[in-house]
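Trainee: Pasting a structure here, questions to come.
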Amino acid sequence: MTTNSAPPPPPTTTSVLVTGATKGLGLEAAHRFAALGWTVWLGARDAERGDQAAADVAAAQPDADVRPLLLDVTDDASVAAAYDVLVASSTGLDVLVNNAGIAGTHAAPAEVVPADFLPVFGVNLLGPVRVTHAFLPLLRRSAAPRLVMVSSGMGSFAITGDPDRVESTVPGLVYPASKAALNMVTTMYAKALPDVRVVAVDPGYTATDLNGHSGPQSVAEGVEAIVTGAAADTLPGLFVGRDGALGW
């Protein structure tokens, strides 16, 4: 005789997916979330680098539940496959951190051509949209779903227009435009998804491969905004940095 078994209880541990987590701020975020006792899905477009990054977190925190996840944010099939892995794992998903990003060309604005925008927008803007669209059904099953967009002060009209901020001295076109677009996407998600806490975060000018390690902040400092966006009980606004709310 067949009996109906009760559905499995929901996971008791917070589960987070961080895209672009093999180095820089993404890897540091994985370390920090693991230290909180969370289940960390470490998104990587290269399987070997993902395994190495997960091993790095596990070496520092032997009790950490960190799981490498093959995930290329520019590829629909890769994102769909990653979603299937998470669903099959039964960890659920409470927090999605769209961190993967690239800098693109450093050419002067007068030298930039339309083709320069395509790869950068493909990762920095369409990547978060693609991953969010795919994982939203799973995220919404969480009791406290949180969506974190890793943006930049370079995407803020207020910050890039402030002569006291270093961002105002960098006349770039492509990367700032991609992050400004991501900020707008964030505000629209926030309006359209009242059941999900949505926030954009600015890590600040942090020394990573993205800028040739020229930033004055360490990744330990820069990751604070990401951790706050993901883990804080309350937030001071929809766009936040290490020191509080930021202007768009």
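Trainee: How large a share of the accessible area of region 176-232, in percent, is made up of carbon and sulfur atoms when the probe is 1.4 Å and the other protein chains stay in place?
Mentor: Working: 1380 of 2140 Å².
For region 176-232, the apolar C and S fraction of the accessible surface comes to 64 percent.
Trainee: On a 0 to 90 degree scale, rounded to 10, what angle separates helix 126-139 from the longest Cα axis of the chain?
Mentor: Here the helix axis deviates by roughly 30 degrees.
Trainee: While we're looking at this one, here's another question. Select from Ser151, Ser168, Ser214 the residue whose mean-square fluctuation is largest in a Gaussian network model of the chain (Cα-Cα springs shorter than 10 Å).
Mentor: Maximum fluctuation in the GNM of the chain, among the listed residues, is at Ser214.
Trainee: Scan (1) 54, 47, 28; (2) 75, 38, 34; (3) 51, 43, 34 for the value of Cα extents along the principal axes in Å calculated from this model and give just the label.
Mentor: (2)
Trainee: Continuing with the same structure: Given only helices, namely DSSP H runs of n ≥ 4 each adding -39500 (n - 2.57), what is the per-residue ellipticity at 222 nm of the chain, to the nearest 500 deg cm²/dmol? Present the calculation step by step, with values, prior to reporting the outcome.
Mentor: Values: 8 runs with 98 residues, N = 248.
Result for the chain, helices only: -12500 deg cm²/dmol.
Trainee: Quick one: Karplus J couplings for region 101-117, per residue in order, coefficients 6.51, -1.76, 1.60, θ = phi - 60°, nearest Hz, x for Gly and Pro?
Mentor: The phi angles translate into x, 10, 8, x, 5, 9, 5, 4, x, 5, 9, 6, 10, x, 4, 5, 6 Hz.
Trainee: Using only the alpha carbons of region 122-248, what is the convex hull's orientation-averaged projected area in square nanometres?
Mentor: 7.8 nm²
Trainee: Along region 232-248, what does the Karplus equation 6.51 cos²θ - 1.76 cosθ + 1.60 (θ = phi - 60°) give for ³J(HN,Hα), rounded to whole Hz, x for Gly and Pro?
Mentor: These are the phi-based 3J(HN,Hα) values: 5, 5, 9, 10, x, x, 8, 9, 10, x, 4, 9, x, 5, 10, x, 6 Hz.
Trainee: Test of understanding: in a Gaussian network model of the chain with alpha carbons linked when under 10 Å, which of Gly212, Gly26, Gly104 would top the mean-square fluctuation ranking?
Mentor: Judging by the Gaussian network model, the answer is Gly212.
Trainee: Express the carbon and sulfur contribution to the solvent-accessible surface of region 61-173 as a percent, rounded to the nearest whole number, probe 1.4 angstrom.
Mentor: Carbon plus sulfur share of accessible area: 61 percent.
Trainee: Would you mind checking which residues have amide H under 5 Å from Val198's amide H? H placed 1.01 Å from N; only 5 or more apart, or other chain.
Mentor: Here the answer is Leu147, since their amide H atoms fall under 5 Å of that of Val198.
Trainee: Also, quick follow-up: So what does Ile159 come to for accessible area, using a 1.4 Å probe and Å² rounded to 10?
Mentor: 10 Å²
Trainee: If R0 is 22 Å, what FRET efficiency do you get for Thr169 and Ala108 from their C-beta distance, rounded to 0.05?
Mentor: 0.95
Trainee: A further question follows. If you place +1 on the Cβ of every Lys and Arg and -1 on the Cβ of every Asp and Glu, how big does the dipole about the Cα centre of the chain come out, in debye to the nearest 20?
Mentor: Once rounded to the nearest 20, the dipole reads 580 debye.
Trainee: Choose one answer from Val198, Val223, Val85: the residue with the largest mean-square fluctuation in a GNM of the chain with alpha-carbon springs under 10 Å.
Mentor: Maximum among the listed residues: Val85.
Trainee: Let me ask something else. How tilted is helix 76-89 with respect to the longest principal axis of the chain? Cα atoms for both, answer in degrees (0 to 90, nearest 10).
Mentor: Tilt relative to the chain: about 40 degrees.
Trainee: Leaving out ligands and nucleic acids, note down the accessible area per residue over region 159-244 with a 1.4 angstrom probe, in whole Å².
Mentor: Value returned for region 159-244: 46 Å² of accessible area per residue.
Trainee: Give the separation of the Cα centroids, region 209-248 to region 54-70, in Å.
Mentor: 23 Å
Trainee: Mind jotting down the distance between the C-alpha centroids of region 79-116 and region 12-27, whole Å?
Mentor: Comparing the Cα centres of region 12-27 and region 79-116, I get a distance of 12 Å.
Trainee: Output ³J(HN,Hα) for region 41-51: one whole-Hz value per residue in order, computed from phi by the Karplus curve 6.51 cos²θ - 1.76 cosθ + 1.60 with θ = phi - 60°, and x for Gly and Pro.
Mentor: Those phi angles translate into 8, 9, x, 8, 7, 10, 4, 5, 5, x, 4 Hz.
Trainee: Something else now. Using DSSP to define loop residues, name the chymotrypsin sites (Phe, Trp or Tyr not before Pro) in region 124-189 whose beta-carbon has at most 16 other beta-carbon atoms within 10 Å.
Mentor: Loop-located and lightly packed - none at all.
Trainee: Classify region 39-103 from the C-alpha gyration tensor, please: rounded if a/c falls under 1.5, else prolate or oblate depending on whether a/b exceeds b/c.
Mentor: Since a/c reaches 1.5 but b/c is at least a/b, the shape of region 39-103 is classed as oblate.
Trainee: Need one number: % antiparallel among DSSP beta bridges in the chain, to the nearest 5.
Mentor: 5 percent
The values are calculated or read from the model by the stated rules, or taken from the named source; none is laboratory data. Bear in mind the structure is a predicted one, so any value in this text is a computation, not a measurement. Glycine also receives a Cβ, built like all others from the backbone with ideal geometry; neighbour counts cover every protein chain displayed. With ligands, DNA and RNA removed, areas are computed over all heavy atoms of the protein, side chains included. Shrake-Rupley method; radii C 1.70, N 1.55, O 1.52, S 1.80 Å.
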